[in-house]
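The values are calculated or read from the model by the stated rules, or taken from the named source; none is laboratory data. Note that the structure is predicted; figures quoted are calculated from it, not measured. Reconstructed Cβ throughout: ideal geometry from the backbone, glycine too, with neighbour counts over all protein chains shown. Surface accessibility is based on the protein's heavy atoms, side chains included, excluding ligands, DNA and RNA. Shrake-Rupley method; radii C 1.70, N 1.55, O 1.52, S 1.80 Å.
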Amino acid sequence: MIGFVSLGHALSHFLQLALPPLFPLLKAQFGVPWTLLGAVMAAFYVASASVQFVAGFAVDRLGARPVLFAGMALLAGGTLAAALAPSALWLFPCAVAMGAGNGVFHPSDFAIINATVTPGRLGYAYSSHGVGGNLGFALAPLVSFGIGSAFGWRMALVTMGVVGLVVLAVLVSQREHLASHRVADAGSHTLRGSIAIFTQSAIVLCFLYFVFQTMATIGIQTFLPATLNAAFSIPLIVATSVVTAYLLGGTAGIAAGGFLAVRTTRHDRVAATGLLCGAILVALVAAGAIGSAAAVTTFALAGFSIGVTSPSRDLIVRNATPKGASGRVYGFVYSGLDTGSMLGPLWFGLMLDHHLARQVLYVIAALFVIAIATVIRVRRAVVPQPA
């Protein structure tokens, strides 16, 4: 079951990065500024955040499986539609469709995992889930930019959309492994009745943690090639490999973080330490203290540091979640991922348009530090439940 959920999560992350590696090609063809391309990704994440919030209620009422399948179909279909875009503006409705499909994954995935995995093994399950996502992220730039450079950006999007449909077919064939428990009184869970849960300080802090941490990571995933190219004259093909190294480092970090998460109750310390290490490494690159030749290794280490925090992060959210509110809380808290992903591309695209490439890296480091402040305060706001 974990393998199939992780495969779906890998697809989600794979298609999240279908467009960003193609930005240099899209900018050259359509003659648009970086800010507009950042706005395309912002539209993706606005849709994803909106749907993710609603999907939490839908998962509690309908179960995870139908919600997950509908989202996967919409995500793959939107990617295929983007390949037909006659202008940059047509990318916006395609990005909205893709984002809407992407929004179902976290509420659905965690509902399945929490319903079928024993508490003592949740750290490993969250780790596997995160590894799947990071592998999707790591493969996406290679496939998207690689095919786009060789055969054009349209062929890259067609290929990735077809991959999405194939993965959907695989999961549909294994649908008996993807069931979750419906909440018995889910029909009575209204938005008004859930406000008291969403405004609990621990839940709000978890949401803010995701916003700040994701703004930083989406900056790396979306604009690092352009940033390194503009600030340090690193060729785009090399800079794209730096992103892949960061994501592969993150994958290794998530795997290691799963073992660490089941052996500690101080998940806040794990998250804070990993974020601090990542912030320091990114700041060193920004300051020019690390040469361009070492960029791949440095960002691989930064990815590892951030990746280690992922399973502990998910356990922090679980421990803060009231019983019977899993779908709603995961939908709300994890919409912070989409909120950060929406704000980051707009901010960093604007900075690049104003020739502030080096400063982009300083801002990313600062956002990691701000995220530390939120995660440390969560422990004070909630009494942890047994993992």
(message) With a 1.4 Å probe and all protein chains left in place, how much of the accessible area of segment 235-285 comes from carbon and sulfur atoms, in whole percent?
(response) 77 percent
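Using a/c under 1.5 as the rounded threshold, could you call segment 38-90 rounded, prolate or oblate? The axes a ≥ b ≥ c are square roots of the C-alpha gyration tensor eigenvalues, and prolate needs a/b larger than b/c, oblate otherwise.
oblate
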(message) If R₀ is 41 angstrom, what is the calculated FRET efficiency for the pair M155 and L284, using the beta carbon separation as r and rounding to 0.05?
(response) 0.60
(request) Can you pull the one-decimal nm distance between simple spin-label points at W90 and L236, each 7 Å off the Cα toward Cβ? (result) 2.1 nm
(request) Enter the accessible area per residue of segment 1-135 (Å², integer; probe 1.4 Å; all protein chains in place). (result) 30 Å²
(request) Could you grab the relative contact order for the chain? Cα pairs under 8 Å, six or more apart, rounded to a whole percent. (result) 28 percent
(message) Could you tell me which residue out of A43, P119, A81 lies farthest along the dipole of the chain toward its positive end? Charges go on the beta carbon: Lys and Arg +1, Asp and Glu -1, centred on the Cα centre.
(response) P119
(request) Give the relative contact order (percent, whole number) for segment 237-337; include only Cα pairs under 8 Å separated by 6+ residues. (result) 43 percent
(request) Express the carbon and sulfur contribution to the solvent-accessible surface of segment 96-178 as a percent, rounded to the nearest whole number, probe 1.4 angstrom. (result) 71 percent
(request) Go through [x] 16.6; [y] 20.0; [z] 17.9 and flag the label whose value is the computed mean projected area of the Cα convex hull in nm² for this structure. (result) [x]
(request) Please give, to one decimal in nm, the separation of the simple spin-label points placed at K27 and V172, each 7 Å out from Cα toward the Cβ. (result) 3.9 nm
(request) Subtract the Cα-Cα distance of Q200 and R266 from 0.36 nm times their separation in residues, and report this length gain in nm to one decimal. (result) 21.7 nm
(message) Taking 51 Å as R0, compute the FRET efficiency from the Cβ-Cβ separation of L350 and R61 and round it to 0.05.
(response) 0.80
(request) Would you kindly derive the ³J(HN,Hα) couplings of segment 221-227 from the backbone phi angles with the Karplus curve 6.51 cos²θ - 1.76 cosθ + 1.60 (θ = phi - 60°), listing them in order in whole Hz, with x for Gly and Pro? (result) 5, 8, 10, 4, x, 5, 5
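How do 160-172, 283-295, 219-231 rank on mean C-beta neighbours within 10 Å, highest first?
Top to bottom by mean Cβ count within 10 Å: 219-231, 160-172, 283-295.
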